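K.L.:
Would you mind keeping the following structure in view while I ask a few things?
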Amino acid sequence: MEKLWGGRFEKNTDSLMEDFNSSIGFDKKLYHFDIVGSKAHATMLAKSGIISDKECKEIVDALMEIECEIESGKVEFSTKNEDIHMNIEVLLTNKIGETGKKLHTARSRNDQIALDLKLYSRDAVINIQELLKQWIKTLIKVSEDNIDTVMPGYTHLQRAQPITLAHHLMAYAEMAKRDYLKLSSWLDIHDTNPLGSGALAGTTFEIDRQYTTELLGFSSPTLNSLDGVSDRDYAIDLLSNASVGMMHLSRLCEELILWSSQEFGFVEIDDAYSTGSSMMPQKKNPDAAELIRGKTGRVYGDLLSLLTTMKGIPLAYNKDMQEDKECLFDGVETWIKCLTIIIPMIKTMKIKNDNMYKAASGGFTNATDLADYLVKKGVAFRDAHKITGEIVLDCIYKDITLEEISINEYKKYCDLIEEDVYGEISVLSCIRKRNIVGGPSGEYVKKHIDIMNTFLVDK
Ligand code: ARG
């Protein structure tokens, strides 16, 4: 089969090389964006008088037919035609003959792929933003149901201070909000159209880049043709956002894996999102959460792979850049899949309030409150910290909690301690009193939820 670029060649491509060189196996995913780009290009060529209106109509109609044919599974792509661009061009020429050969006027596959991949990325960003909104809504819903679900907050994975499940989950809503906002700024930064950059140095034809820019919904054309064809920052930024987004999901999944163990017993993940063991009949494993944690590493790999591919490439296009696609597709699709599964997993998870409460009331999570109580009675904080530490140590030896110390015993440590201490160190009041911006009190967390809801409405 004659190659579209075969004119200056005397020999055929080696079949191993053909296979090695071709990207159709993975870039066929871009068919829709390739056709969108070609339609805009043809329309612009006609408007600029480079092809006739009749030719443009023929090309655009045929491209739409080809898109339907691809979608109905009728089309067989060929590695001989290397990539999605040439496969579609061959289909077009087979359909409409000579006119099809005019489509590639004033265009290179270099600006074509830069455009296709950017259109793919933009579409993915919009979809992911929608999913992130659903994710935030899910976190809000579970938080609303658990405003008073007491649990221990941890540092160093040691029980630290009492919080609520709502407070804990709303931390993840903040992370998702940042993920969302980063994608909004992605949409701003990368809102430029590379089509018209040609192979590297634009074109001698008087094309109208502003027009394709409008047709394709960008706010301006790229302003340097070398950069237009060789920029993959948009793919790197998207993978970087995906990596951070996945890291957020992974941290929560790590917690769910711990929390669903018998040692913690804080939650039970629904059967629908768990799996069993082929050998151990009693097992119910949090596989979905583990897979999200595992796939996070893979997305980091996608980012690193593309960064490394790009780091040594001289301007402008080099074939190395064909390696941008699989990692971008993988990172994007993995992020989408993980968001899609974590939403119902969190919605259906059973929360074991009693166990969480018990864990929060043991382990001296109210020790800071006892120290703060002493400070409010006039003791300097450093002394209060020391006295409380000594009380805790004695409790550990006696195997009792702070609530179980009698008032007479308390007075031996510090005679400023009075009956009101018990009210101050009860787990519920520890939470209620932390009623500041960002704190775990039910009153504040409800305000935080309101703020988050307003954020969602504005988006
Ligand atoms: N399949 C190529 C890629 O994905 C398209 C651009 C090819 N350009 C070239 N000059 N060989 O990068």
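The values are calculated or read from the model by the stated rules, or taken from the named source; none is laboratory data. All of these numbers come straight from a predicted model, not from anything done at the bench. Glycine also receives a Cβ, built like all others from the backbone with ideal geometry; neighbour counts cover every protein chain displayed. To get the accessible areas, we keep the full protein, side chains included, count just its heavy atoms, and leave off ligands, DNA and RNA. Shrake-Rupley method; radii C 1.70, N 1.55, O 1.52, S 1.80 Å.
K.L.:
Pick from Val229, Val244: which is in a helix (DSSP H, G or I) and over 30 Å from Arg178 (Cβ atoms)?
P.N.:
The conditions single out Val229.
K.L.:
Answer yes or no: is there a residue in the stretch 99-110 that is within 16 Å of the ligand (Cβ to nearest atom), at negative phi, open to solvent by 10 Å² or more (accessible area, probe 1.4 Å) and not in a loop (DSSP other than H, G, I, E, B).
P.N.:
yes
K.L.:
Among the residues of the stretch 283-336, which ones are in contact with a helix residue (DSSP H, G or I) (Cβ under 9 Å, 6 or more places away or on another chain), farther than 24 Å from Ser23 by Cα and not polar (S, T, N, Q)?
P.N.:
Lys284, Pro286, Asp287, Ala288, Ala289, Glu290, Leu291, Ile292, Arg293, Gly294, Lys295, Gly297 - these are the residues of the stretch 283-336 that are in contact with a helix residue (DSSP H, G or I) (Cβ under 9 Å, 6 or more places away or on another chain), farther than 24 Å from Ser23 by Cα and not polar (S, T, N, Q).
K.L.:
Sort through Ser72, Ser78, Ser121 and tell me the only one that's within 16 Å of the ligand (Cβ to nearest atom) and surrounded by fewer than 20 Cβ atoms within 10 Å (Cβ to Cβ).
P.N.:
That would be Ser78, the only listed residue that is within 16 Å of the ligand (Cβ to nearest atom) and surrounded by fewer than 20 Cβ atoms within 10 Å (Cβ to Cβ).
K.L.:
Being in contact (Cβ under 8 Å) with a residue 60 or more places away in the chain and either among the aliphatic types (A, V, I, L, M) or within 15 Å of Thr105 (Cβ to Cβ) (or both) is the filter here; which residues of the stretch 9-38 pass it?
P.N.:
Matches in the stretch 9-38: Ile24, Leu30, Val36, Gly37, Ser38.
K.L.:
State which residue is nearest to Ala242 (Cα to Cα) when the search covers only the stretch 306-329 and only residues that are more than 12 Å from the ligand (Cβ to nearest atom) and open to solvent by 50 Å² or more (accessible area, probe 1.4 Å).
P.N.:
For the stretch 306-329, the residue satisfying everything is Leu307.
K.L.:
Here's another thing I want to ask about it. Of all residues in the stretch 8-55, which are open to solvent by 20 Å² or more (accessible area, probe 1.4 Å), under 16 Å from Thr99 (Cα atoms) and among the small types (Gly, Ala, Ser)?
P.N.:
If the condition is that a residue be open to solvent by 20 Å² or more (accessible area, probe 1.4 Å), under 16 Å from Thr99 (Cα atoms) and among the small types (Gly, Ala, Ser), then Gly49, Ser52 are the ones that fit.
K.L.:
Next question, about the same structure. Would you check which residues across the stretch 330-344 are surrounded by fewer than 22 Cβ atoms within 10 Å (Cβ to Cβ) and more than 16 Å from the ligand (Cβ to nearest atom) and list them?
P.N.:
Listed by number, the residues that qualify are Glu333, Thr334, Ile336, Lys337, Thr340, Ile341, Ile343, Pro344.
K.L.:
Residues of the stretch 245-300 being open to solvent by 20 Å² or more (accessible area, probe 1.4 Å), closer than 23 Å to Gln158 by Cβ and more than 23 Å from the chain's Cα centre (by Cα), which ones?
P.N.:
Once the filter is applied, which keeps residues that are open to solvent by 20 Å² or more (accessible area, probe 1.4 Å), closer than 23 Å to Gln158 by Cβ and more than 23 Å from the chain's Cα centre (by Cα), the stretch 245-300 yields Ser260, Ser261, Gln262, Glu263, Phe264.
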